[in-house]
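Here is the structure we will look at.
The values are calculated or read from the model by the stated rules, or taken from the named source; none is laboratory data. Since the model is a prediction, treat every value here as computed from it, not as a measurement. Neighbour counts run over all protein chains shown; Cβ positions are idealised from the backbone, glycine included. For the accessible areas, the whole protein counts, side chains as well, though only heavy atoms, and no ligand, DNA or RNA atoms are used. Shrake-Rupley method; radii C 1.70, N 1.55, O 1.52, S 1.80 Å.
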Amino acid sequence: MRDAIIIGGGHNGLVCAFYLARAGLKVTVLERRGVVGGAAVTEEFHPGFRNSVAAYTVSLLNPRVIQDMNLAGHGLRVVERPLSNFLPFDDGYLKLGAGKTAREVAKFSQRDAERLEDYGRHLDSAADLLRELVLQTPPNRVQGSWLTALPELLKAGRLGKRMSGLSLSSQRELLDLFTKSAGDYLDGWFESAPIKAAYGFDSVVGNYASPYTPGSAYVLLHHVFGEVNGKKGAWGHAIGGMGAITQAMAKAAQAQGVEIRTGCAVDEVLLDKGRASGVVVAGGERMDARVVVSNLNPRLLYTRLVDPGALPADFLRRMQAWRCGSGTFRMNVALAELPDFSCLPGKVAAEHHGSGIIIAPSLQYMERAYHDARALGWSRDPIVELLIPSTLDPGLAPPGQHVASLFCQHVAPELPDGASWDAHRDEVADLMIATVDRYAPNFKRSVLGRQIMSPLDLERTFGLVGGDIFHGALGLDQLFAARPMLGHADYRGPVAGLYTCGSGTHPGGGVTGAPGHNAAREVLRDFARRRVGREPAVGQGV
């Protein structure tokens, strides 16, 4: 019998499988699609042009996971962007990174340029705390005797001690970042629209909200705790696209003996006397295992694959209401030439072509985009982040040509009045291209082909409910000890032997590998405590 079945071969499923197999367990990964990787895959979308289909950039991938899985040894190479970001405007531009930020910001406000260092120091302090927490299992609310609750109380006590060790100023900053809107937070630091737009963009990435929505400051923070090649806060590109990450992970897992089966959708989680005992896959095959670990959005797991009669009524009700929806519209385009920006002309590759190009000139622009989408289905002036990875990775496109990723917001996960995304996909794609064309007038005519992923397409293809790239909104009610639900923050659900390891658990979305790492640790603890039936190999924990 298998020790563990992993449902879903996305990056967290592969990470979890690796750690379980390294500890000596017999593990099988089941992936519905024909390729592992989940939303982190590279595919040819137009003849001769390849790109990262959904997830599109690297920063949050945890260094511990990279090291333990020896991803470099399995072929992964990540390069840093030459600039962090480039924001084109009607009357100028702003560049961030490469030591140029202060000089660039001073074009708009000398006061803001002088505050950058202090802002960065405060944000880094908060981000450092997140870096400490991402590989920890949150304190879990448990019922029962004090003896049962003691481990969780100790865990909470250690966290409280860590928090109390912060300076009063740092505690205030954390309170701001966990409760305020990004707009209010940034308005307290800066006066000029360009720098607030540049930093505020992180608060709406994958977040169907205005930058003035309370709690959006945390989403901003969530996007800055990563690193590239040891450089904190940097963003980069995986050579070969995001699929290079998950292919390296698959190789690392297989080297530990993991069996990976693609084209193998799971229809049902089997239960035996109230305990998960295996799965039924499409076609009716039964596969038994001591434990089952799900890398799916938790709403998909508990509302589609588990007998509702086996779940507590309150748990099922809350899982059915699990908030999903990123407001995201993804596109990949094949380009005959590089964009020629009116504010910074030139079609020869330059540093700004290799950056994250943000089309959203102000926080107010982003706020209008959100309210527009809520009322009409999609923003008439959308937010677009344009990346051109072929400037860093020429093998993605034919010589002299390029591929671009468009990460677009805001669109409604579900259109009003029962309208279907199938009927409006191309219309909105045309709008996204026209939005870029406004700032780079050669863009539309340079498009040779395109791949369109509406929220509905993202759900159908990758299981991202409502197009939610995080497997659940990063609101205060769905974070840390409440992710996915208070009482189940330890990667264990209400069904014995059924665990969760995806982005719907702590620390949330992004290509981090942290949920997979953490879930594996909890599974191994239960094996070691003989709650499952056999012990893992000594000294091979997580």
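Does segment 251-260 hold any residues that are of a type in the set (Gly, Ala, Ser) and within 11 Å of GLY75 (Cβ to Cβ), and which are they?
Result: ALA252, single match.
Of these, ALA217, ALA182, ALA234, ALA197, which one is more than 27 Å from PHE480 (Cβ to Cβ) and of a type in the set (A, V, I, L, M)?
Going through ALA217, ALA182, ALA234, ALA197 in turn, the sole match is ALA197.
Residue check, ALA429 against (1) modelled with pLDDT of 95 or more; (2) hydrophobic (A, V, I, L, M, F, W, C); (3) out of contact with any Phe, Trp or Tyr (no Cβ under 9 Å at 6 or more places or on another chain), all met but one. Which one?
Only one criterion in (1) modelled with pLDDT of 95 or more; (2) hydrophobic (A, V, I, L, M, F, W, C); (3) out of contact with any Phe, Trp or Tyr (no Cβ under 9 Å at 6 or more places or on another chain) is unmet by ALA429, namely (3).
Please go through (1) among the β-branched types (Val, Ile, Thr); (2) within 15 Å of the chain's Cα centre (by Cα); (3) buried (at least 22 other Cβ atoms within 10 Å of the Cβ) for ILE195 and return the number of the only condition it doesn't satisfy.
Condition (2) is where ILE195 drops out.
Enumerate the pairs (first residue in segment 365-390 and among the polar types (S, T, N, Q); second residue anywhere and open to solvent by 20 Å² or more (accessible area, probe 1.4 Å) and not in a helix (DSSP H, G or I)) with beta-carbon separation below 8 Å, excluding pairs fewer than 6 apart on the same chain, so at least 6 apart or on different chains.
SER390/GLN401; SER390/HIS402
VAL224 versus (1) open to solvent by 50 Å² or more (accessible area, probe 1.4 Å); (2) aliphatic (A, V, I, L, M); (3) in a loop (DSSP other than H, G, I, E, B): which is the lone unmet condition?
(1)
Yes or no, residue by residue, for (1) of a type in the set (Val, Ile, Thr); (2) in contact with a strand residue (DSSP E or B) (Cβ under 8 Å, 6 or more places away or on another chain); (3) open to solvent by less than 10 Å² (accessible area, probe 1.4 Å):
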{"residue": "ASP307", "(1), (2), (3)": "no, yes, no"}
{"residue": "ALA313", "(1), (2), (3)": "no, no, no"}
{"residue": "GLY327", "(1), (2), (3)": "no, yes, yes"}
{"residue": "ALA334", "(1), (2), (3)": "no, yes, yes"}
{"residue": "GLU351", "(1), (2), (3)": "no, yes, no"}
{"residue": "ALA360", "(1), (2), (3)": "no, yes, yes"}
{"residue": "TYR365", "(1), (2), (3)": "no, yes, no"}
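Modelled with pLDDT under 95 and of a type in the set (Lys, Arg): is that true of LYS251 in this structure?
No.
Only one of (1) of a type in the set (A, V, I, L, M, F, W, C); (2) buried (at least 16 other Cβ atoms within 10 Å of the Cβ); (3) in contact (Cβ under 8 Å) with a residue 24 or more places away in the chain fails for MET1. Which number is that?
(2)
Before we move on, is PHE49 touching a strand residue (DSSP E or B) at 6+ places or on another chain (Cβ under 7 Å), aromatic (Phe, Trp, Tyr) and open to solvent by 30 Å² or more (accessible area, probe 1.4 Å)?
Answer is no for this residue.
So TYR302 fits all but one of (1) under 19 Å from THR461 (Cβ atoms); (2) within 24 Å of the chain's Cα centre (by Cα); what number is the exception?
For TYR302, the failing item is (1).
Return the residue satisfying two criteria in turn: it lies in segment 317-355 and is of a type in the set (A, V, I, L, M) and over 26 Å from the mean Cα position of the chain (by Cα), and of such residues it is farthest from GLY466 (Cα to Cα).
Within segment 317-355, the match that is farthest from GLY466 (Cα to Cα) is VAL348.
With the structure loaded, tell me whether THR303 is open to solvent by 10 Å² or more (accessible area, probe 1.4 Å) and either hydrophobic (A, V, I, L, M, F, W, C) or not in a loop (DSSP other than H, G, I, E, B) (or both) or whether it fails that test.
When the stated conditions are applied, THR303 passes them.
Name the residue that is farthest from ALA40 (Cα to Cα), counting only residues in segment 306-349 that are in a helix (DSSP H, G or I) and among the charged types (D, E, K, R).
The residue in question is ASP314.
Right, ARG286: among the basic types (Lys, Arg), within 27 Å of ARG425 (Cβ to Cβ) and modelled with pLDDT of 95 or more or not?
No; evaluated as a whole, the condition is false for this residue.
If you check every pair at least six apart or on different chains, which have Cβ atoms under 9 Å apart with a residue in segment 194-212 that is closer than 17 Å to LYS107 by Cα first and a residue that is among the hydroxyl-bearing types (Ser, Thr, Tyr) and in a loop (DSSP other than H, G, I, E, B) second?
PRO194/SER109; PRO194/SER362; ILE195/SER109; LYS196/SER362; ALA197/SER362; ALA198/SER84
Yes/no matrix, rows are residues, columns are (1) modelled with pLDDT under 95; (2) more than 19 Å from GLU117 (Cα to Cα):
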residue	(1), (2)
PHE190	no, no
ALA198	no, no
VAL219	yes, yes
HIS222	yes, yes
ASN229	yes, yes
GLY233	yes, no
ILE239	no, yes
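To keep it simple, each residue is scored yes or no on (1) among the small types (Gly, Ala, Ser); (2) open to solvent by 10 Å² or more (accessible area, probe 1.4 Å); (3) in contact with a strand residue (DSSP E or B) (Cβ under 6 Å, 6 or more places away or on another chain).
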| position | (1), (2), (3) |
| --- | --- |
| PRO398 | no, yes, no |
| ALA440 | yes, no, yes |
| VAL447 | no, yes, yes |
| ARG450 | no, yes, yes |
| ASP457 | no, yes, no |
| ARG460 | no, yes, no |
| ALA482 | yes, yes, no |
| GLY487 | yes, yes, no |
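Just a yes or no: is a residue in segment 181-190 surrounded by fewer than 21 Cβ atoms within 10 Å (Cβ to Cβ), part of a loop (DSSP other than H, G, I, E, B), in contact with a Gly (Cβ under 8 Å, 6 or more places away or on another chain) and of a type in the set (S, T, N, Q)?
No - not one qualifying residue is present in segment 181-190.
Can you tell me which residues in segment 224-243 are among the small types (Gly, Ala, Ser) and out of contact with any Leu (no Cβ under 6 Å at 6 or more places or on another chain)?
Hits for segment 224-243 are GLY230, GLY233, ALA234, GLY236, ALA238, GLY240, GLY241, GLY243.
For ALA282, work out the one condition from (1) open to solvent by 30 Å² or more (accessible area, probe 1.4 Å); (2) over 24 Å from GLY206 (Cα atoms); (3) touching a Leu at 6+ places or on another chain (Cβ under 8 Å); (4) among the hydrophobic types (A, V, I, L, M, F, W, C) it doesn't fulfil.
The number of the failed condition is (3).
Within segment 260-279, can you find the residues that are among the β-branched types (Val, Ile, Thr) and either open to solvent by less than 60 Å² (accessible area, probe 1.4 Å) or more than 25 Å from GLY509 (Cβ to Cβ) (or both)?
Within segment 260-279, ILE260, VAL266, VAL269, VAL279 qualify.
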